[in-house]
Amino acid sequence: MSRWLVRWRLALRIARRDARRHRGRTVLVLAMVGLPVLAVVGVDTIYQTNEVTPVEALPATLGASDARIIPAARESVYADPIHGDVVSPSFTPADPPWTADEVGAALPEGSRLVPTAEGQLAYRTEAGYARVDGVAEDLTDPALDGAVALLDGRFPSARGEVAVSREVAERGIGVGDELALTRDDVPASVVGVVGSRAGSPDPFLVVVPDDAGLLEDARTSYLATVPGGLDWPAVQGLNHVGLVVQSRQVITDPPPQEAWAPPGQYVGDGSSSPQGMAVLALVVASVVIEIVLLAGPAFAVGVRRQRRDLALIAATGGAPGDLRRVVLASGVVLGGGAAVLGALLGVGLARVAMPLMERWTTVSFGPFDVPLRDVLITAAVGAVAGLAAAYVPARQAARTDVVNTLADRRGQVRTPWRSPVAGLIIAAAGMALIVWGAGGAGLGVALGAVVLVVGVVVAAPWLVGLLAPLSRRLPTAGRLAVRDATRNRGRTAPAVAAVMATVAGVTALAIGSQSDSTQARRDYVALAPLGTAIVHADFDEKGWREAEALLRRQAPDRSIQRLQTWSSSGGGEELVAQTAGCTADPVECRWFPRGVLTTTQSELIVADAAALRAVDDGSLPEAVFRALDDGRVAVVGRGAVDADGQVTLAETEYDNNGNGKVIGTVRLPATEAEIGGARAVAVPAVMVVPPSLTDRLPVDVVTAALVMGGPGDPVTPGQEQTMKESLAGLSVSTSVYVERGWSDPLAVARWLLFGLGGLLVLVATLTATGLALTDARPDFATLAAIGAAPSTRRFVAMASAAAIGGTGALLGLVVGFAPGIAIAYPLTVDGWGTAPGQVVIDIPWLLLAGVAVFVPLLAVAVTGLAVRSRLPMARRVD
């Protein structure tokens, strides 16, 4: 044991000395290993800080108190003790509501209650009223210490005082300003600015408990300070009388879900989907492979630079194990140092980046959380990957030919026949796993992709050797570059494999995400043409006229259309079409067109042609609008219009058991218009009644929405905000929706993937080219000695970059297609517009061409600009 330690100590000393002597190569290996570790640790730290756990949210949830009591019912309820949600299948809300005295009587003696309330609160703006979350609580009470952070001023302590959140303050509201709260314009003085609630970027206002009456839809709860706290049995006892409890003791040591969920009911654990786990596993495995393959060429060249020292060790009695240990020690020193440095920098950069992200975005982070376990695992993986990168060069070092090395002869490199055979067998196994995983086992796709890449990596030296016959058809510089690449496969193969793994990962993830986006774009249901605003509200006809007048004042030149529908007086009536010739039960006779249709507004609406065009995105045929112009009901589909050209509309009343009874019918002239095609189609309504026929309907007709704007006069985001705030002055129930069209949430991720993948390809190609130039100095010296032109070195370097980058990119495209298509299967097999078993496959050719063609060409161009033309002169050893 002591002998083993002595040998490793000596090897580590040699490795440390070599790292200090060759600083350029050391920095390169530190970057290759440390940067991925830095990126993973930084992103994970930001993610974990953004993911506020219930324990981390305790200050915001409970302040300094022991529990939050939420009066929910007067009967026993099942409740989630972590989030405070009632999960009973059905329960009757507390009637009458619980009083503070009743809640206090249910708690142990000596308990203290502090009332709080949450709801909505409106405040006046220049355009009207903005509605935000409202909180009524006494932040000066010791029970709420730590609930929110005070950024400026002080907490409100008296009626008429308010504190605004950072998001509200960013609209230009500060300490000393006056706010008009609610639509009654109750005056309030801003006395403080508070930070965001943990994990929530939503704006809010804080008033004192005496002003809780200003809140809309207020929900009262009580913060309780309880001697000894509330354990799980105590919480269950309070649930039994209808009180929902969030207890500090229970949140820090929660019971299993079976202890509080209703019998036989699964509430959900929020675990990640198999598809998400597959993508995550593929990314993690790709990072590890990248570290090994990017650092491998540097270690290989390091061995070439150390070959004389290693030969001297062997000549003086060193065993092959000693030579292998010296190179592995470099992997330990450089890989371990890079992993530790990358982890420390990742945590530090995340700490610096989060305040900037909060300032420039709407993200609100919780307490700074360093995921120590993840950091240690990532650093360990980085260190092991650095050691693995040195393994193959270490094996080569153990086979050092002392005579050839001391004579400065490099000898010939041959690829054992076992390597390509083993690589192809491993790749075939990976392909089989991918095919199996495409059937629904998402992790099988990730595992298969990793195995496939590993198989190609094992066979990479043999694949590089296949370039040799191509060199005969190349010019001189190309022949020299390919000859050098095939001769030094220990250096070239890892670089080609690194490019291959990068392009394969980009190809797989890009195909999967592009296919997912294509399905989402196809299934997106637009409620109106682009730029169209739709206003919904609980107005009477007078309120609708006021709203229309207000909107016309804001945009006098913009046309406003009305959509109307039938009015249900008792809540159980419907106006539905009857199938032509049907005499059965009204529920069975109810008509809806067959096929893949869905409605964006309602099944039946009342509108003229202009109003219908305002909400139609082009799906309806012209026959629908001609029917409305002719004063006929437009019916989308077949089967509702009888032989006389009439449609029967029935006012049907339903009881609590779903049994229907027709209480009134009318026959109206109608025209059918069918939409062909097999794909899903969204239309505003399947039945449109012209206003000229409303007096014949058996029900009252009321306004359902106002429609304005459109492709020719789009509603801007600023106008949308003005509309919301101005309409809030008329009613709190208004909502404004502006059709912005489908947006791809994965587009930014794909371009980031392109940028990261392109950077890795560029770095791998340039690194391998630079190492090749360093390693080929004796060859360039020979070229200079026989009179080669100065530009030869530049052209050889450019050809080396093309051989490494082009070969790796081509292999990456071929390898990445199979897992990319396999990932697309589970991601796109479901959707309302998808036939059973139908899968969407979309290849982002432009992005893949950029990574596989443009980036290698860029590497060639950069190499040509960076490499000096002067050929080195050196003395050769005979």
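The values are calculated or read from the model by the stated rules, or taken from the named source; none is laboratory data. No experiment lies behind these values; they were computed from the predicted model shown. When we count neighbours, we look across all protein chains shown, and the Cβ atoms used for this are built from the backbone with ideal geometry, even at glycine. Ligands, DNA and RNA are excluded from the accessible area calculation, which covers all protein heavy atoms including side chains. Shrake-Rupley method; radii C 1.70, N 1.55, O 1.52, S 1.80 Å.
Rolling a 1.4 Å probe over the protein heavy atoms gives region 54-101 an accessible area of 48 Å² per residue.
Per-atom-type breakdown for region 691-820 gives carbon and sulfur 67% of the accessible area (1.4 Å probe, protein chains only).
For region 116-189, which GluC sites (Glu not before Pro) are both in a DSSP coil and crowded by at most 10 other Cβ atoms within 10 Å?
Numbers: sites: Glu118, Glu126, Glu137, Glu161, Glu167, Glu170, Glu178; in loops: Glu126, Glu137, Glu170.
Within region 116-189, the qualifying GluC sites (Glu not before Pro) (loop, at most 10 other Cβ atoms within 10 Å) are Glu126.
Cβ-Cβ distance of Trp436 and Ala259, R₀ of 41 Å, FRET efficiency by 1/(1 + (r/R0)^6): the value works out to about 0.60.
Give me D for region 499-616 in µm² s⁻¹, whole number, from Stokes-Einstein with Rh from the Kirkwood sum over alpha-carbon pairs, 10 °C and 1.306 mPa s. If you can, show how the numbers build up before the last one.
Values: Rh = 19.2 Å.
Rounded, D is 83 µm²/s.
The Tyr47 and Ile786 beta-carbon pair, evaluated with R₀ = 45 Å, returns a calculated FRET efficiency of approximately 0.15. Sparsely packed loop sites in region 710-794 (the trypsin sites (Lys or Arg not before Pro) outside DSSP H, G, I, E and B with at most 15 other Cβ atoms within 10 Å) comprise Arg740. Accessible surface of region 510-609, 1.4 Å probe: 47 percent of it comes from carbon and sulfur atoms.
Using the Kirkwood radius over Cα pairs, work out the Stokes-Einstein diffusion coefficient for region 584-652 at 10 °C and 1.306 mPa s, in µm²/s as a whole number. Intermediate results must be reported in sequence, preceding the final value.
Numbers: Rh = 13.5 Å.
Answer from the Stokes-Einstein relation: 118 µm²/s.
Mind checking the per residue accessible area of region 646-802 for me, 1.4 Å probe, whole number of Å²? It would help to have the intermediate numbers written out before the result.
On the way: 6870 Å² over 157 residues.
Per residue, region 646-802 has an accessible area of 44 Å².
Only Cα sites of region 13-114 enter the Debye sum here, all with the same form factor; the resulting log10 I(q)/I(0) across q = 0.18, 0.21 1/Å is -1.01, -1.15, listed in q order.
Taking 0.36 nm per residue of separation and subtracting the Cα-Cα distance, full extension of the segment from Asp700 to Leu746 would add 12.0 nm. Net charge in the neighbourhood of Cys582 (other residues with Cβ under 13 Å of its Cβ; Lys, Arg +1, Asp, Glu -1) is -2. If one computes the Cα centroid of region 576-650 and of region 551-565, what distance in Å separates the two points? Centre-to-centre (Cα) distance: 25 Å.
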